[in-house]
Structures are given as structure tokens and as C-alpha cells.
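Read through the structure below, which is laid out as C-alpha cells, and then see the notes.
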Amino acid sequence: MRGFSLDQLQAFADVIDLGSFSAAAEHRNLSQPAISQQVKLLETRLGVRLIERIGKRAMPTAAGQALRAHIGPINRAIRDALDAVAPFGSGVRGRVRIGCGATACIYFLPAVLADIQQRFPELEISVKTGNTADIARLVENNDLDIGFVTVPVSSRALEVIPVMHDPFVAIFAADSEVADMITPAQLACFPLVFFELGSNTRVLADTWLGGKGKATVRPVMELGSVEAIKELVGAGLGASVLPSMALAHGRTRLPVISRPLSPVLGRDLAIIVRRDKTLTKGLRAVQNGILAAASTFAHENNT
């Protein structure tokens, strides 16, 4: 192992993944000569050429392809080793990588993370958004430490910890005259501003409208942003169905009103972690922070 360094391996992997030495240098906040030197030292140590240029793109040689396939497992093994040692340290430090849906990232997680960061300033937290399937896969592969996702989640490798129920509501412009409870037939009378196809929220809303995955009324607009949907509804361009989390008290001053749905509709959110994951102090702090915030959310929405 003499002569090897993790920096050399990661520099090589970044060049392959990003396609150029300059892109790898920018990604790692280093100079291009520094990246080139790390790759050159690695090639010298192994006695093989790892990268070749094809046009303007840096590509792996056959030896480079073989080496790249092992770098992911090496990185995971190192993270596992650090996780195993972390509980024996003092204080809460290290890094926690969180995955969650876009709505939770905007309306739920910021307050949680702000509180954790204030209490544990040495803890580094990163967040990645995605759908449940993508986040679950990343947690399974140990590319994320913890997920906050919509259930169900099917994986024997993951522990699923129920956290909260988030009911859906219909939203309308503030001056709309609507009933106290909204049925699918009543909502279908409005132009619909819905999430784009493929999102979990859209699937649930379509099913609630009666189409079993295909809406009986075609939305006049399909968007990928909760804030954009609320803006358009507030401007009187239609109605929508959103998780109540997106309209939590004190989170918005947009001119919209909300009504509960009949029949009721909602989603259940849970924490997911690998069953064999070492719960470091930092990871436990994040998990407890999510659980505490969920309890507060449930209390506020039941009063």
C-alpha cells in the first residue's frame, strides 16, 4: 500500500466521472496541475496508464476501468470505518448525508437543520433531494446516511421508522367561494395546476380524482415547483392539491386558502437507515431532530 493515497484515487475517479482534468480540479477546488500530478503519481505507482484522451474527453483505459470499479467500495469501506470509530469520540462532529423529497426539503427540514447546526456547529450536514426510490437506493448503497421519505419503502436492508402523517389539502385563490370540504367532483370544476407527471404527489392526486393513476380532468398546467403552483393558484389561475406541509403555519403569506379533502388523502413519512448502520452521535442528532420537529408539526396541525 506504500505510495497510495485516497486523494490520488479520488482525483482519478473525478477525472473519469467528469470527463476532464479541469472539471475535476474545479470540483475538488484544486488547480489542474495538482489533479494531473495526483493521477500521474497513481499511474507511476501502478505502472500502467489509467487515462487517455479521446477528442476533448478524458476516458479510462482498460486498466482505468478496472480500477474505477473498485473505488466506490473503497470509499464506502472508509466511511464505514469512520462511522465505527465516531461513537468513541467526544462531542458531535463528522458528516451526515441526508436524502429527502423536495417538499420536505423546502418546508420541513430547514428549521430542523438550523437547530442542529446551532447546537452542534462542528457537525457537517449535506442534503440531497430526490424521489423515494432514488433516496432509498442511495441509503442502501451507503451513499446517504439517512433518508426522510414517503412510505412504503420495500427493502430488507433498510430500517423504516414511521415519523408523521401529512394530510393533503385543496388550495384555491383567497377570494374563491368554496365548500368547507372538497370532493373530487368539486375540484374538477376548477382549472387544475398540478405537479408534473412522475411525482408521488401527482400520483396520489390523480388517484384521488378517480383515475387510478390517470386524472379524469387534464391539468391546465403541470409544474415541478410547489412555490410556482401556489403562486399561480394565488393569482386565480386554478386550484391544486398539495401536502399540508407546504402550507404550514407561518411558512407562507401567499393569497391562497386551503380546504380538507373528502375522501381524505395524505401521505406517511418515515426515516430510513441501513439496518447495519452505526448510529454516530451526529446521525442520532439528525434523527432525533426530525422526530422532534414532526411531533411539533403534528401538534400545530391538530390545534
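For the chain, find the longest principal axis of its Cα atoms and tell me its angle to the long axis of helix 32-46, 0 to 90°, nearest 10. Result, in degrees: 60. Here the contact order of the chain, divided by its residue count and restricted to Cα pairs under 8 Å and six or more residues apart, works out to 22 percent.
Computed from phi, the 3J(HN,Hα) profile of the range 233-245 under the Karplus parametrisation 6.51, -1.76, 1.60 (θ = phi - 60°) reads 5, x, 7, x, 8, x, 10, 8, 10, 9, x, 4, 3 Hz, with x in place of Gly and Pro. Highest mean packing comes first when the peptides 129-142, 53-66 are listed by Cβ atoms within 10 Å, giving 129-142, 53-66.
With all protein chains in place and a 1.4 Å probe, the accessible surface of the range 110-223 carries 53 percent carbon and sulfur. The listed peptides 150-157, 220-227, ordered by packing as a protection proxy, come out as 220-227, 150-157 (highest mean of other Cβ atoms within 10 Å first). Each residue of the range 193-201 is assigned a 3J(HN,Hα), and the resulting list reads 10, 10, 4, 5, 4, x, 7, 4, 4 Hz, derived from the Karplus form 6.51 cos²θ - 1.76 cosθ + 1.60 (θ = phi - 60°), x at Gly and Pro.
For the range 13-113, the per residue solvent-accessible surface stands at 56 Å², with DNA, RNA and ligands left out and a 1.4 Å probe.
In debye to the nearest 20, how big a dipole does the chain give about its Cα centre with +1 on each Lys and Arg Cβ and -1 on each Asp and Glu Cβ?
Value, rounded to 20: 980 debye.
Based on DSSP H segments of at least four residues, each scored -39500 (n - 2.57), the chain has a per-residue ellipticity at 222 nm of -13000 deg cm²/dmol. Grab every C-alpha pair in the chain, bin the distances at 20 angstrom width from 0 up to the longest one, and report whole percents. Spelled out per bin, shortest first, that is 28, 46, 25, 2. Once the 1.4 Å probe is applied to the protein heavy atoms, the range 136-231 comes out at 50 Å² accessible per residue.
The values are calculated or read from the model by the stated rules, or taken from the named source; none is laboratory data. In this text the structure is predicted, and so the values were computed from the model without any measurement. Quick reminder, even Gly has a Cβ in these numbers, built from the backbone with ideal geometry, and neighbours come from all protein chains shown. Just the protein is used for accessible areas: all its heavy atoms, side chains included, with ligands, DNA and RNA removed. Shrake-Rupley method; radii C 1.70, N 1.55, O 1.52, S 1.80 Å.
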